[in-house]
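Everything on this sheet refers to the single structure shown next.
Just so you know, all these numbers are worked out from the coordinates, no wet-lab data involved. Small disclaimer: the values here were computed from a predicted structure and weren't measured. Cβ atoms come from the backbone with ideal geometry, glycine included; neighbour counts cover every protein chain shown.
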Amino acid sequence: MTREEILDYQAKTKAFYETELGKVFRNYETDLINYWRHDGDERISDRRLRELDDKSRTSRKVFWDMLQSLVK
């Protein structure tokens with residue numbers, strides 16, 4: 001990629017994350033990463049891991065529902 005293509009991609013990504021859909025996607029992505037970051041950690045309690053899993057499932061549903069609302 002050229003420098004201009006990279007800058008254009010970054011600008012489009014930033015603009016997307018500023019939209020409502022982008023914010024919902026970012027929340028989902030963050031919750032999912034947090035879950036997987038702790039999934040292999042033996043020191044984390046099952047309760048906390050379930051909390052992280054529930055949070056990622058909830059944010060996925062919000063994201064999915066928003067995507068579905070765009071389908072006519």
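Please list 3J(HN,Hα) in residue order for segment 49-58, calculated via the Karplus relation 6.51 cos²θ - 1.76 cosθ + 1.60 where θ = phi - 60°; whole Hz, with x for glycine and proline.
With the stated coefficients, segment 49-58 comes to 5, 5, 4, 5, 5, 4, 5, 5, 5, 5 Hz.
Just to confirm the number: angle between the C-alpha axis of helix 20-39 and the first principal axis of the chain, 0 to 90 degrees, nearest 10?
Taking Cα atoms only, the helix is inclined about 40 degrees.
When ranked by the protection proxy of mean other Cβ atoms within 10 Å per residue, highest first, what sequence do the peptides 11-19, 51-59 form?
Details: 11-19: 10.8, 51-59: 15.9.
Per-residue Cβ counts within 10 Å, averaged per peptide and sorted highest first, yield 51-59, 11-19.
Across the chain, how many lysine pairs, 8 or more apart or on two chains, come within less than 24 Å at their alpha-carbon atoms?
7
How much length would be gained if the chain were fully extended between ILE6 and GLU51, taking 0.36 nm per residue of separation minus their Cα-Cα distance, in nm to one decimal?
So the extension gain works out to 12.5 nm.
In whole Å, what are the Cα extents of segment 20-69 along the three principal axes, biggest one first?
Here the spans come out as 39, 14, 11 Å, largest first.
What full-extension length gain, to one decimal in nm, is calculated for LYS14 and VAL62 as 0.36 nm per residue of separation minus the Cα-Cα distance?
Roughly 15.2 nm would be gained on extension.
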